[in-house]
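Colleague: Structure in structure tokens, see below.
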Amino acid sequence: MSRTSAYIGLGSNLGDRKDFIGKSLQLLRETPDVTVELVSAIVETKPLSDANQPMYLNCVAEIQTSLSATKLHEQLIHIEDSLGRQRDKKWSSRTIDLDLLLFGDEVIKSNTLTVPHSQMHLRSFVLSGLCELNPKLKHPVLNETVGTLASRLNGGDFALRPDRPQLISIAGNIGAGKTTLAKILADAFKCRAIFEAYDTNPFLAKVYAGNHDLALDSQLYFLFTRLEQLKPASLEKGKPVVTDYLFQKEQIYAKLLLNAEQLALYQKFYSIVSPAVADPVLVIHLQNPPQQCLERIHKRSRPYEQRIESGFLEAVGTGYEQGLRDWKVCPVIRLLNFDCFDKKAVDLLVRQLQYYLACG
């Protein structure tokens, strides 16, 4: 009889957590037609819900089984019940939680079972365990390795939140293709796109022409325009919306364009404004070489951009890299030399984005 490799996530935050995980593994070993092959290190994590709950212990087990996915799932529920798992409400504390993460390369969606686990790609504690066991393992729907999926989270753990605006923010250098991609994604999701107001900024052209006395005026114009665009009252909960900028980019340009006195004043305004802006649920970072961006800038012939030099673009790119290196607000999908006119690549990106959004 053929056997399938499957991966199970184990978690506990009640009682003797380590003991419950150990007992679960022993019951898995005693289950007919199941062989436990490997178990990842146990890690401690915060609860994903907003409730005041105890910390979790989590790990991942790799098994071989001749059971079907449905029969295996039934066995996992039986083990949970035998160890006192209560199912009173979602996100409640539990003695043990056994999630079927992957079952070979099967894709299953029924009333009782979804495989791959619908939010495994949002959990660093799951992906780190999978990476430990099999770093080349691929998600059968997202078509990415668990290592790539883990890198998008920067060590954070996230949950889909339909009670928030589903804001997708596109980050990247000048000329990276942010606006083009925003239009494509807005069309794909039949949603609104929000664009940065560079065309209406009365100071921007003069700043790029060398009038640095107006740099603060220009940055404040962008700051308060983006506040108006991204305040939660302007965005609909549970609905996707795309911006061709990341609000936090303000800090990058302010540090490059403002002198010390201007920057100090700007930071005071920024500290007041930033908490009032909706956070994205996903960032797409377009990573393009500065020379490629410069060529695009010259090709589109916006007069005020023609003085931009590669050194400035290199500094902007470095600012993005540093700012997103330890980003913990939401997942970050990094796209190197992404071609917005490659239909296959765009279609794959759209399919992936659906798994990062909680759209009503």
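Colleague: According to the square roots a ≥ b ≥ c of the eigenvalues of the Cα gyration tensor, what is the shape class of the stretch 284-360, taking rounded for a/c under 1.5, prolate for a/b larger than b/c otherwise, and oblate for the remainder? Intermediate values should be presented prior to the final figure.
Modeller: Numbers: a/c = 2.61, a/b = 1.52, b/c = 1.72.
Oblate, because a/c is 1.5 or more while a/b does not exceed b/c.
Colleague: May I pose another question? What does the highest-first list of 301-308, 214-221 look like by mean Cβ count within 10 Å? Don't skip to the answer; put the middle values down first.
Modeller: Numbers: 301-308: 13.4, 214-221: 20.5.
In decreasing order of mean packing, 301-308, 214-221 become 214-221, 301-308.
Colleague: So, one more: From the Cα gyration tensor of the stretch 166-353, with a ≥ b ≥ c the square roots of its eigenvalues, which class applies: rounded if a/c is under 1.5, or else prolate if a/b is larger than b/c, or else oblate?
Modeller: Values: a/c = 1.70, a/b = 1.22, b/c = 1.39.
Because a/c hits 1.5 or more and a/b fails to exceed b/c, the stretch 166-353 counts as oblate.
Colleague: Antiparallel versus total DSSP beta bridges in the chain: what percent is that, nearest 5?
Modeller: On the way: 28 of 45 bridges.
About 60 percent, rounded to the nearest 5.
Colleague: Using helices alone, what [θ] at 222 nm do you get for the chain, with -39,500 (n - 2.57) per DSSP H run of 4 or more residues, divided over all residues and rounded to the nearest 500? Please report the intermediate quantities before stating the final value.
Modeller: Values: 12 runs with 137 residues, N = 360.
Estimated from H runs of four or more residues: -11500 deg cm²/dmol.
Colleague: Mind checking which of 121, 20, 146 is farthest towards the positive end of the stretch 4-151's charge dipole, using Cβ charges of +1 (Lys, Arg) and -1 (Asp, Glu) about the Cα centre?
Modeller: In the stretch 4-151, that residue is 121.
Colleague: Quick one: grab the alpha carbon gyration tensor of the stretch 251-300, order the square roots of its eigenvalues as a ≥ b ≥ c, and give me rounded if a/c is under 1.5, else prolate or oblate depending on whether a/b is larger than b/c.
Modeller: oblate
Colleague: How much net charge surrounds residue 131 when only other residues with a Cβ under 14 Å from its Cβ are counted (Lys, Arg +1; Asp, Glu -1)? List each step's numbers first, then the result.
Modeller: Details: positive: 123, 136, 138, 152; negative: 62, 132, 144.
Its environment carries a net charge of +1.
Colleague: For every other residue with a beta carbon closer than 11 angstrom to the beta carbon of residue 148, add +1 if it is Lys or Arg and -1 if Asp or Glu, then tell me the sum.
Modeller: Values: positive: 136, 138, 152, 334; negative: 144.
Value of the local net charge: +3.
Colleague: OK, next. Highest mean first, how do 340-347, 201-208 rank when packing is the count of other Cβ atoms within 10 Å averaged over residues?
Modeller: Values: 340-347: 12.4, 201-208: 17.6.
For the peptides 340-347, 201-208, the packing ranking is 201-208, 340-347.
Colleague: Can you compute the FRET efficiency between residue 160 and residue 225 using 1/(1 + (r/R0)^6), with r the Cβ-Cβ distance and R0 = 30 Å? Round to the nearest 0.05. Intermediate values should be presented prior to the final figure.
Modeller: Numbers: r = 30 Å, r/R0 = 0.98.
So, using R0 = 30 Å, E works out to roughly 0.50.
Colleague: While we're here: Considering only the other residues whose Cβ falls under 10 Å of the Cβ of residue 42, what net charge follows from Lys and Arg at +1 and Asp and Glu at -1?
Modeller: That works out to +1.
Colleague: Pick from 265, 130, 25: which residue has the top mean-square fluctuation in a GNM of the chain where Cα pairs under 10 Å get a spring?
Modeller: The residue with the greatest mean-square fluctuation here is 265.
Colleague: Right, another one. Would you mind checking which residues have amide H under 5 Å from residue 354's amide H? H placed 1.01 Å from N; only 5 or more apart, or other chain.
Modeller: Distant-sequence amide H within range of residue 354: zero hits.
Colleague: Given a Förster radius of 45 Å and the C-beta distance between residue 180 and residue 35 as r, what FRET efficiency does 1/(1 + (r/R0)^6) yield to the nearest 0.05? Mind dumping the intermediate values first?
Modeller: Working: r = 50 Å, r/R0 = 1.12.
Efficiency at R0 = 45 Å is approximately 0.35.
Colleague: A further question on this structure: What nm distance separates the two modelled labels at residue 136 and residue 358, each placed 7 Å from Cα along Cα→Cβ?
Modeller: 3.6 nm
Quick note: the coordinates plus some simple rules give every number you see, no bench work behind them. In this text, all values refer to a predicted model and were calculated from it rather than measured experimentally. Reconstructed Cβ throughout: ideal geometry from the backbone, glycine too, with neighbour counts over all protein chains shown.
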